[in-house]
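Remarks on the structure that follows.
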Amino acid sequence: MSPKPRNPSKRPAAPVLRVVELFAGVGGFRIGLERAGGFQVVWSNQWEPGRKRQHASEVYTARFGPDSHTCADIATVKASELPEHDLLVGGFPCQDYSVASTLKNSKGLVGKKGILWWQIHRLLSQAKKKPRYLLLENVDRLLGSPVGQRGRDFAVMLSSLNALGYGVEWRVVNAADHGMPQRRKRVFIFGELVNGKFSGADAETQMDKTGVFARGFGSATVVNATTTFTLEKDLARLTRMFNQGGGRSPFMNAGVMRGGKVWTRKLTVPSAVGGRTLGDILLPMEEVPRAYFIPQRVLGKWKKLKAAKKEERIAGNGHRYHYAEGAMAFPDALDKPSRTIVTGEGGSAPSRFKHVVRTPDGRFRRLTPVELERLNMFPDDHTAGVPDGWRAFFMGNALVTGVVERIGKALVAHDAKVKDPIG
């Protein structure tokens, strides 16, 4: 006898995925997931080393309440303190991989910030019950660090996650390619506890069609053939030997790891037509505080810092060298998505990297905290209550919440499919 057809109206409501948010900052992951629907944050942690006052944690609790939030060094948190959860998320600190640092200064997993990856690993390895899913975020430089062994740090992360029973999918996502108002490129890493057989065909299907990122961001153009290799299981040996002698990182901007085997390829996504721009998020001129307008007397300093330059410099050891850098737009174009916000966006001092816009009356000004929040798709005044310099710093560290929302919706669909494969 054939099974009776299901009645969709009698199906139970989809369960909510319980979330633990590490390195929570001011709550970017939480905002994106709550907008996606189907998620509930059951525990969160935020701590900034070396700070007497924990501004980010204060903002987080002001917006979401103090329940189940801890402001403590992650190294002091015991795995037993985390409630049972389905998804662990975190934009683990990325200063050691950041483009704000030169490649030679990037210390990767051995840096003071990069080593925090091992706190995530510790909590997973010591958990009484591991979460089914992981969603992590970092700068795309992670795929190629450190300079002497490009890709080694990511290889170590993947191999360590494999040892914990996770399969991994990653993709570099530029928010502006998907209609969002900022050109912010980050690598997102999705992990899932897995079992069963897996093939190269499965990997390519996951990257192109069925994976969380394919679901969330649609079709992409494949640039090259898939590269395949197997990771060393011994982490000490992997650390010593991976890509020794330099050369390009083998990790491209999309890929899958399953059972220690890696499939990776380069994908391109056409920029969104009709997406939001820097001009779309600006406040009316009359709402901009006077302090954000640049005085005429210092305008020349701003222009000089933004201009192209090639000049001779002398190193501390007396070595002479030529330093060169290209010009930056001045003012920033209003008909395009903005440049990436950096942590040094705050303050009135002239800077090469801060955004400057021209007002309809011909004056020049910096971006306000609300405008920086809008570029990351946060609610207006989400970070209000702390000094403006800190508000800018938070947005330089934050992610674009619209990207997380799209991944969240795709993850809910993926989870439903896993639990009801014939539904």
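For the stretch 177-202, a tally of residues being touching a Ser or Thr at 6+ places or on another chain (Cβ under 7 Å) and farther than 16 Å from Val262 by Cβ returns 5.
Considering each residue of the stretch 263-271 in turn, at least one proves to be touching a residue at least 60 places away in the same chain (Cβ under 8 Å), assigned to a loop (DSSP other than H, G, I, E, B) and among the polar types (S, T, N, Q).
Taking the criterion of being charged (D, E, K, R) and either over 23 Å from Glu325 (Cβ atoms) or assigned by TED's automatic domain parsing to the domain that holds Glu405 (or both), the residues of the stretch 352-376 that qualify are Asp361, Arg363, Arg365, Glu371, Glu373, Arg374. When the stretch 210-219 is limited to residues that are modelled with pLDDT of 90 or more and not hydroxyl-bearing (Ser, Thr, Tyr), the one that is surrounded by the fewest Cβ atoms within 10 Å (Cβ to Cβ) turns out to be Arg215.
With respect to the conditions (1) surrounded by fewer than 18 Cβ atoms within 10 Å (Cβ to Cβ); (2) within 27 Å of His121 (Cα to Cα), Asn224 lacks only one, and its number is (2).
Of all residues in the stretch 185-217 being among the aromatic types (Phe, Trp, Tyr) and under 23 Å from Gly32 (Cβ atoms), which is nearest to the chain's Cα centre (by Cα)? Here the residue is Phe188.
Given the criteria crowded, with 24+ Cβ neighbours inside 10 Å and of a type outside the set (Phe, Trp, Tyr), does Asp177 qualify? Against the criterion (crowded, with 24+ Cβ neighbours inside 10 Å and of a type outside the set (Phe, Trp, Tyr)), Asp177 does not qualify. Of everything in the stretch 163-205, what is closer than 30 Å to Val342 by Cα and in a helix (DSSP H, G or I)? Give them in sequence order. The answer is Ala175, Ala176, Asp177, His178. Find all pairs meeting these conditions: Cβ atoms under 7 angstrom apart; at least six residues apart or on different chains; first residue within the stretch 311-336 and part of a strand (DSSP E or B) and surrounded by 10 or more Cβ atoms within 10 Å (Cβ to Cβ); second residue at pLDDT 80 or above and not aliphatic (A, V, I, L, M). The qualifying pairs are Glu325/Lys309. Residues in the stretch 245-261 that are surrounded by 21 or more Cβ atoms within 10 Å (Cβ to Cβ) and not in a loop (DSSP other than H, G, I, E, B): Ala254, Gly255, Val256, Met257, Arg258. Within the option set Glu84, Glu48, being in contact with a Lys or Arg (Cβ under 7 Å, 6 or more places away or on another chain), at pLDDT 85 or above and charged (D, E, K, R) holds for one residue only, Glu84.
When only residues in the stretch 262-297 that are aromatic (Phe, Trp, Tyr) and not assigned by TED's automatic domain parsing to the domain that holds Asp208 count, which is surrounded by the most Cβ atoms within 10 Å (Cβ to Cβ)? Among them, the one singled out is Tyr292. Among residues of the stretch 59-70 that are closer than 17 Å to Glu84 by Cβ, those with a beta-carbon under 8 Å from a residue that is β-branched (Val, Ile, Thr) at least six positions away or on a different chain give the pairs Ser68/Val41; Ser68/Val42; Thr70/Val77. Say we look at the stretch 99-143 and pick out the residues that are surrounded by 20 or more Cβ atoms within 10 Å (Cβ to Cβ) and polar (S, T, N, Q); which of these is modelled with the lowest pLDDT? Applying the filter and picking the extreme gives Ser106. Which one of the conditions (1) farther than 30 Å from Val194 by Cβ; (2) in the same structural domain as Ala175 (by TED's automatic domain parsing) does Val386 fail to meet, given that it meets all the rest? Condition not satisfied by Val386: (2). Scanning the stretch 278-310 for residues that are aromatic (Phe, Trp, Tyr) and in a strand (DSSP E or B) yields one hit, Phe293.
For the stretch 337-367, the tally of residues that are under 25 Å from the mean Cα position of the chain (by Cα) and not in a loop (DSSP other than H, G, I, E, B) stands at 6. Could you go through the stretch 402-411 and let me know if any residue there is in a loop (DSSP other than H, G, I, E, B) and either assigned by TED's automatic domain parsing to the domain that holds His178 or not hydrophobic (A, V, I, L, M, F, W, C) (or both). Taking every residue of the stretch 402-411 in turn, none turns out to be in a loop (DSSP other than H, G, I, E, B) and either assigned by TED's automatic domain parsing to the domain that holds His178 or not hydrophobic (A, V, I, L, M, F, W, C) (or both).
The values are calculated or read from the model by the stated rules, or taken from the named source; none is laboratory data. Just so we're clear, the structure is a prediction, and the values are computed from it rather than from any experiment. Quick reminder, even Gly has a Cβ in these numbers, built from the backbone with ideal geometry, and neighbours come from all protein chains shown.
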